Structures are given as C-alpha cells and as structure tokens.
1. How large is log10 of I(q)/I(0) for segment 35-102 at q = 0.21 Å⁻¹ when the intensity is taken from the Debye formula with one equal scatterer per alpha-carbon?
2. Please identify which residues in segment 85-112 have an amide N closer than 17 Å to a label point set 7 Å out from the Cα of residue 40, following the Cα→Cβ vector.
3. Work out how much length residue 121 to residue 59 would gain on full extension: take 0.36 nm times their residue separation and subtract the Cα-Cα distance, in nm to one decimal.
4. Ranked highest first by the average count of other Cβ atoms within 10 Å around their residues, in what order do 110-118, 45-53 fall?
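Values in this text are rule-based calculations from the coordinates and carry no lab data. As the structure is a computational prediction, the values presented were derived from the model and not from experiment. Here Cβ is always computed from backbone atoms with ideal geometry, including for glycine, and neighbour counts include all displayed protein chains.
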C-alpha cells in the first residue's frame, strides 16, 4: 500500500472548513477581478450560459410545436424559430463587440423599448 502525504493546503482546509455558497463564489469572483484577473473568463462563462439557455428554450419550443402544429406547418415554424435564435445571437455578439461602456448611455432607451415590445406581445 502506498502512502500519500496530504498537502499543507488540504490540512489547513481540514482545520478551518468553510461551506461554499453562492455568495462566497461571487465574492471570490469579485476579488479575482479586483486583483487583476482576466475579465474575459467570467464573460465567456456567461456567454456559454446564455447560449445554453437559448438552446434549451429552442428545444422546449420545438417540442411544444411538434405536439400542437400540423405537420404541414412544422418546417416553416421551426425555420422561424431558428431565425429568432440567430437574431438573438447576432444581438448578443454585437453587444459583446460594442462593449458595456458604449452601451451604458443607451440603457434607458433599451429599457423603454423592451417594455414596449413586451406589451406588444398581447396585441393580436
């Protein structure tokens, strides 16, 4: 049997255990950003999460569409949903390219446009 020595780091962690929470994760992320870590890493992670949510939403909509739409309209509806996803991806990439500093003055106008578009969902 081989003995493996524990490192001093794991020994220190065993003496002073801490529970990991969402708050401590955000705190570590903030401390890493303040210390000069690469800001692209969390931005890339957020981008991947948004892509996953877009894909999951697409799967949910297509599965619902497959049960409710007639087979003759299914292809056209799926193409329309893909178009919406491509527009969303284009907007996401454009916003990433422009950057938050240049988008900051436009936040009130974008918020107003978002509210108007959300209200227009109910217009037949």
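1. -0.91
2. Of the residues in segment 85-112, 93-100 have backbone N under 17 Å from the label point off residue 40.
3. Numbers: separation 62, 0.36 × 62 = 22.32 nm, distance 2.11 nm.
Contour length minus Cα-Cα distance gives 20.2 nm.
4. On the way: 110-118: 9.9, 45-53: 11.4.
Packing proxy ranking, top to bottom: 45-53, 110-118.
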